[in-house]
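In what follows, a single structure is set out as structure tokens and then discussed.
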Amino acid sequence: MTYAGDVTPPEAYAAVTGPDDAVLVDVRTSAEWSFVGVPDLAGAGREVVFAEWSRFPGGTLNESFVDELRAAGVTPGRPVYFLCRSGVRSVAAAQAATAAGLGPAYNVLEGFEGPVDHAGHRHVSGWKVDGLPWSQR
């Protein structure tokens, strides 16, 4: 593994709202933020960092990703938790942050919406299904 590890959404929530200066980074696209919703840490007095891993609408890799993390205050030694839709892009983001010397970097398993069920719907697991705070943007 080339990053600090995988955590469940509740574990990530506890970390990014706890006493450490951990940060949650949502790496989904701007369309996903707008149409699906976003994690909401306002109740804990924290903010989510939004940095697309791949750009909408073309899906090209965001070449400025690490620079955006640094600009948002992600630094070496500051724990960072990456969240995407289902926990796939967030692995790549955690690996990139680790390679850049940021973090420790963690992947949030199952992501914001989780995997699809037998009918192709995303309501099996993930941040939203776990009942963690979220809002429409």
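Every read-out reported here was derived from the displayed coordinates using simple, explicitly stated rules and does not represent laboratory data. The structure displayed is predicted, hence computed values, not measured ones. Cβ: placed from backbone, ideal geometry, glycine included. Neighbour counts: every protein chain shown.
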Of those in the stretch 51-77 that are among the hydroxyl-bearing types (Ser, Thr, Tyr) and more than 14 Å from the chain's Cα centre (by Cα), the residue surrounded by the most Cβ atoms within 10 Å (Cβ to Cβ) is 75
Going through the stretch 80-115 one residue at a time, which ones are surrounded by fewer than 24 Cβ atoms within 10 Å (Cβ to Cβ) and closer than 15 Å to residue 14 by Cα? 109
May I ask you to verify whether residue 120 is surrounded by fewer than 16 Cβ atoms within 10 Å (Cβ to Cβ), in a loop (DSSP other than H, G, I, E, B) and either in contact with a strand residue (DSSP E or B) (Cβ under 7 Å, 6 or more places away or on another chain) or aromatic (Phe, Trp, Tyr) (or both)? no
Filter the stretch 34-50 down to the residues that are under 18 Å from residue 74 (Cβ atoms) and in contact (Cβ under 8 Å) with a residue 40 or more places away in the chain and list them by number. 38, 39, 41
Where residue 67 falls short, out of the listed (1) farther than 17 Å from residue 12 by Cβ; (2) in contact (Cβ under 8 Å) with a residue 60 or more places away in the chain; (3) acidic (Asp, Glu): (2)
Within the stretch 54-66, is even one residue small (Gly, Ala, Ser) and part of a strand (DSSP E or B)? yes
Does any residue of the stretch 86-96 turn out to be outside any helix (DSSP H, G or I) and over 19 Å from residue 3 (Cα atoms)? no
The stretch 1-18, residues that are among the polar types (S, T, N, Q) and within 14 Å of residue 109 (Cα to Cα): 8
Residues (at negative phi, part of a strand (DSSP E or B) and surrounded by fewer than 20 Cβ atoms within 10 Å (Cβ to Cβ)) located in the stretch 1-37: 6, 7
